[in-house]
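Single-structure report; data block below.
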Amino acid sequence: MVIQPKSINRPVEERIAWAESCFQGSGGLFLKDEKTAALLTQFKSAARASGQEMKDAGVVALCRECDQEEGGSCCGKGLENKYDAWLLLINKLLGVDLPKVRQQTGGCFFLGEKGCTLMARHVICINYMCKKITNDIRPSVLNALREIEGEEIECLFMLNEQVKRVLKKWTSRQKTA
Ligand code: SF4
Ligand code: SF4
């Protein structure tokens, strides 16, 4: 297993390859760690709750309309460069099949035919709201959404720290073995 993660400055394909090899080579190291497993479960439920709230608030419908009728999707090329190798590894641990090639010309590397292919998204992707959204949806509804998204972000942060901790511990054990 290649321990050192690929820097965020390396091409996305290299960061994906590191996440894949770390996931495959870890022999279930992360999933066997109780705290990581609990955080993964907690994150899945937080991400589901915020996804549902986005639907209920009307954000999903506005974005679909924007994408399909106005050609205005904000998942543009280059946004994949916000994703470091750790966040991609977390997606692997969540069961995400990371794309091998860019599917939409001019779109983010992670944009699939039905939208984003990731489960653990960067904070920018979680809480970005354009003017169309802030103009069309009541502030009280958006505030409730922000609160739920806050739980998703907090949980993701803890997960990120825990995954790094597990790999660090494993690495130092390998060195002393
Ligand atoms: S956030 Fe705004 S710009 Fe982006 S897809 Fe939704 S409506 Fe369109
Ligand atoms: S939401 Fe997904 S597809 Fe859109 S920019 Fe973020 S990572 Fe890319």
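For the reader, a short list of remarks on this structure follows.
- Cβ-Cβ under 8 Å pairs, at least 6 apart or on other chains, the range 62-77 side under 20 Å from residue 142 (Cα atoms), far side within 13 Å of ligand 2 (Cβ to nearest atom) and of a type in the set (Asp, Glu): 73/67
- The listed residue being in contact (Cβ under 8 Å) with a residue 40 or more places away in the chain and over 18 Å from the mean Cα position of the chain (by Cα), out of 40, 29: 29
- The lone exception for residue 80 - which of (1) surrounded by fewer than 18 Cβ atoms within 10 Å (Cβ to Cβ); (2) touching a residue at least 40 places away in the same chain (Cβ under 8 Å); (3) closer than 30 Å to residue 165 by Cα; (4) of a type in the set (D, E, K, R) it fails: (1)
- Residues of the range 37-73 that are outside any helix (DSSP H, G or I) and surrounded by 15 or more Cβ atoms within 10 Å (Cβ to Cβ): 58, 73.
- Test: residue in the range 127-140 that is free of Cβ contacts under 8 Å to residues at least 24 places away in the same chain and part of a loop (DSSP other than H, G, I, E, B): yes
- The residue list 96, 101 contains one member that is among the β-branched types (Val, Ile, Thr) and more than 27 Å from residue 38 (Cβ to Cβ), which is 101.
- Residue within the range 65-78 that is more than 16 Å from ligand 2 (Cβ to nearest atom) and either at positive phi or of a type in the set (A, V, I, L, M) (or both) present: no
- Test for residue 67: is it acidic (Asp, Glu), more than 16 Å from ligand 1 (Cβ to nearest atom) and under 22 Å from residue 127 (Cβ atoms): no
- Set side by side, the residues 146, 121 differ, and just one is assigned to a loop (DSSP other than H, G, I, E, B), of a type in the set (Lys, Arg), away from ligand 1 (no atom under 11 Å from the Cβ) and modelled with pLDDT of 95 or more, which is 121.
The values are calculated or read from the model by the stated rules, or taken from the named source; none is laboratory data. Being a predicted model, the structure only gives us computed values, none of them experimental. Positions of Cβ are backbone-derived with ideal geometry, glycine not excepted, and every protein chain shown enters the neighbour counts.
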